[in-house]
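Encoded as structure tokens, the structure appears first; notes follow it.
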Amino acid sequence: MCLAIPMQVVAIQGGSDELLDPEVALVESDGVRKQIRLEMADRVPAVGEYVIIHAGFAIRTLTEEEAEYNLSLMRQMAEVLEREGRLPEAPQ
């Protein structure tokens, strides 16, 4: 099963050459930052917007309300799994 994660765009980088220097976004959620590709997104997001991330690619932009709702559901699931002792260990 795959899970798409909402993350906020903090910077857009590259874009000087579609093949050799494609546009990428630096995104963040809960203190985790990563660089993701934008070729599959419905549109290039602006800094401050949210995107759904899957396998290193942005696949859709979200409103802040959509992102917060999805993130709150994910946090609730994690809390239940932790309470039940079923939350997997984070990779080291």
**OP:** All but one of (1) hydrophobic (A, V, I, L, M, F, W, C); (2) under 10 Å from the mean Cα position of the chain (by Cα); (3) modelled with pLDDT under 90 hold for Met1, so report the exception by its number.
**Re:** (2)
Original post:
Take the residues of segment 5-55 that are modelled with pLDDT under 90 and under 18 Å from Arg75 (Cβ atoms): which is least open to solvent (accessible area, probe 1.4 Å)?
Top reply: Ile5
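Condition first: touching a residue at least 24 places away in the same chain (Cβ under 8 Å) and farther than 11 Å from Met7 by Cα. Now tell me which residues in segment 48-62 satisfy that. Before you say what the answer is, go through the steps one by one.
So the first thing to find is which residues in segment 48-62 are touching a residue at least 24 places away in the same chain (Cβ under 8 Å), and the list is 48-55, 58-59, 62.
If the condition is that a residue be touching a residue at least 24 places away in the same chain (Cβ under 8 Å) and farther than 11 Å from Met7 by Cα, then Ala55, Ile59 are the ones that fit.
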**OP:** Take the residues in segment 72-90 that are in a loop (DSSP other than H, G, I, E, B) and of a type in the set (A, V, I, L, M), then tell me which one is surrounded by the most Cβ atoms within 10 Å (Cβ to Cβ).
**Re:** Leu87
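The values are calculated or read from the model by the stated rules, or taken from the named source; none is laboratory data. Treat the numbers as computed from the prediction; the structure is a model and nothing was measured. Heads up, the Cβs are rebuilt from the backbone with ideal geometry, glycines too, and the neighbour counts pull from every protein chain shown. Calculation scope for accessible area: heavy atoms of the full protein, side chains included, ligands and nucleic acids excluded. Shrake-Rupley method; radii C 1.70, N 1.55, O 1.52, S 1.80 Å.
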